[in-house]
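Here is the structure we will look at, set down as structure tokens.
The values are calculated or read from the model by the stated rules, or taken from the named source; none is laboratory data. On a predicted model such as this, the values are computed, not experimentally measured, just so you know. Glycine also receives a Cβ, built like all others from the backbone with ideal geometry; neighbour counts cover every protein chain displayed. For accessibility, only protein heavy atoms count, side chains too; no ligands or nucleic acids. Shrake-Rupley method; radii C 1.70, N 1.55, O 1.52, S 1.80 Å.
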Amino acid sequence: VRFFTDTLGVERAKLHVVYVGAEEPLFFPAPAQAPGTPIEVLFYGSFLALQGAEVIVDAARAYRGPALRWVLLGNGPLLETCKQNAQGLTNVAFENWLPYAQLPARIRHADILLGVFGTTPKAQRVIPNKVFQALACGKPLVTCRAPAYPAGLMEGGNSGITWVPAGDSAALAARVAELAHHPERFATLGRAARSSYEKFFSADAIQRQLQLALAALPLTPARG
């Protein structure tokens, strides 16, 4: 909203935020499962600058904690750079992109999900699909802090989300290590993540946002 107001000069009162959400018949929590060995941290995406996949590789290199496998799934412009930066790292794996229908099961197989960590202006004004999807699947999530998120989610202490500064690989490595030291908390964090999804991003929440947006439209007199 701020972007369209500042860039295009649209009157603020005419703009409303309606979140994207996730396809709930596909993205839903799995029954509780014991963490894998080693613990698996999953990023998936198109390797664009706003996603900051290279920050994840740097975090994997800086990581000091329990046995952990960092998986980067997908394809895109920065994939080769990430692979080059990951040379010599035995705790990093790359996987090819999956058909969309198989993605929810892959998310549910992982222990911790990663969002985005880029420092581009767009990274600060969007909530990426992977965040909606990870929360819908009830997975602990680590992602960068951004003004795009609702204040109630950012301020909540039990959201299932661990926030880190954009572009900060050391902070990412440290936060993941904190989570990995306590795998017994994954299930609780996952339930909190799903609760956050239902409160802020579910189909019901989106419907309420859309109703507010439509209610604000001026009524046009019927013709004829």
Cα-based helix-to-principal-axis angle, 203-215 vs the chain, degrees rounded to 10: 30
Gain on full stretching of the segment that runs from R125 to A203 - 0.36 nm per residue minus C-alpha separation: 26.0 nm
Helix 53-62 sits off the longest principal axis of the Cα atoms of the chain, rounded to the nearest 10 on a 0 to 90 degree scale, by 30
Gain in length, E178 to L15, computed as 0.36 nm per residue apart minus the alpha-carbon separation, to one decimal in nm? 54.7 nm
How large is ³J(HN,Hα), in whole Hz, for each residue of segment 32-48 in order, when computed from phi with the Karplus curve 6.51 cos²θ - 1.76 cosθ + 1.60 and θ = phi - 60°, using x for Gly and Pro? 4, 9, 5, x, x, 10, x, 4, 10, 10, 10, 10, 9, x, 9, 6, 8
For the chain, what % of the accessible area comes from carbon and sulfur atoms, probe 1.4 Å? 56
Q33 versus L219, label points 7 Å from Cα toward the beta carbon: distance in nm? 5.3
Might you tell me the accessible area per residue for the chain, computed with a 1.4 Å probe and given in Å²? 52
Taking a ≥ b ≥ c as the square roots of the eigenvalues of the Cα gyration tensor of segment 6-130, is the shape rounded (a/c under 1.5), prolate (a/b larger than b/c) or oblate? oblate
Given axes a ≥ b ≥ c from the Cα gyration tensor, I'd like to know whether segment 132-195 is rounded (a/c under 1.5), prolate (a/b larger than b/c) or oblate. oblate
Of all stretches in the chain that avoid trypsin sites (Lys or Arg not before Pro) placed in a DSSP loop and having at most 12 other Cβ atoms within 10 Å, the longest is 65-222
Can you give the alpha-carbon Rg of segment 105-156 over 2.2 N^0.38 Å, where N counts its residues? 1.15
Could you size up the charge dipole of the chain around its Cα centre, putting +1 on the beta carbon of Lys and Arg and -1 on that of Asp and Glu, and report it in debye to the nearest 20? 320
Per residue of the chain, what 222 nm ellipticity follows from adding -39500 (n - 2.57) for every DSSP H run with n ≥ 4, rounded to the nearest 500? -10500 deg cm²/dmol
Placing +1 on the Cβ of each Lys and Arg and -1 on the Cβ of each Asp and Glu in the chain, which of T90, A22, L189 has its Cα farthest towards the positive end of the resulting dipole? A22
What full-extension length gain, to one decimal in nm, is calculated for N91 and V1 as 0.36 nm per residue of separation minus the Cα-Cα distance? 28.4 nm
For segment 152-217, the dipole about the Cα centre with charges only on Cβ (Lys and Arg +1, Asp and Glu -1), to the nearest 20 debye, works out at 140
Of L135, A49, A215, whose Cα points farthest to the positive end of the dipole of the chain (charges on the beta-carbon: +1 Lys, Arg; -1 Asp, Glu; origin at the Cα centre)? A215
C-alpha long axis of helix 186-196 to longest principal axis of the chain, angle in °: 10
Just tell me which lysines come within less than 20 Å, Cα to Cα, of K130; anything on the same chain fewer than 8 places away is out. K122, K139, K199
With +1 on each Lys and Arg Cβ and -1 on each Asp and Glu Cβ, and nothing else charged, work out how big the dipole of segment 53-119 is about its Cα centre, in Debye to the nearest 20. 180
Can you give the FRET efficiency for L8 and L210, using 1/(1 + (r/R0)^6), R0 = 30 Å, r = Cβ-Cβ distance, to the nearest 0.05? 0.90
Quick check: pseudo-label points 7 Å beyond the Cα along Cα→Cβ at R191 and E24, how many nm apart are they? 2.0
For the chain, what are the per-bin percents of Cα-Cα distances with bins 10 Å wide, up to the bin holding the maximum? 8, 32, 35, 16, 6, 2, 1, 0
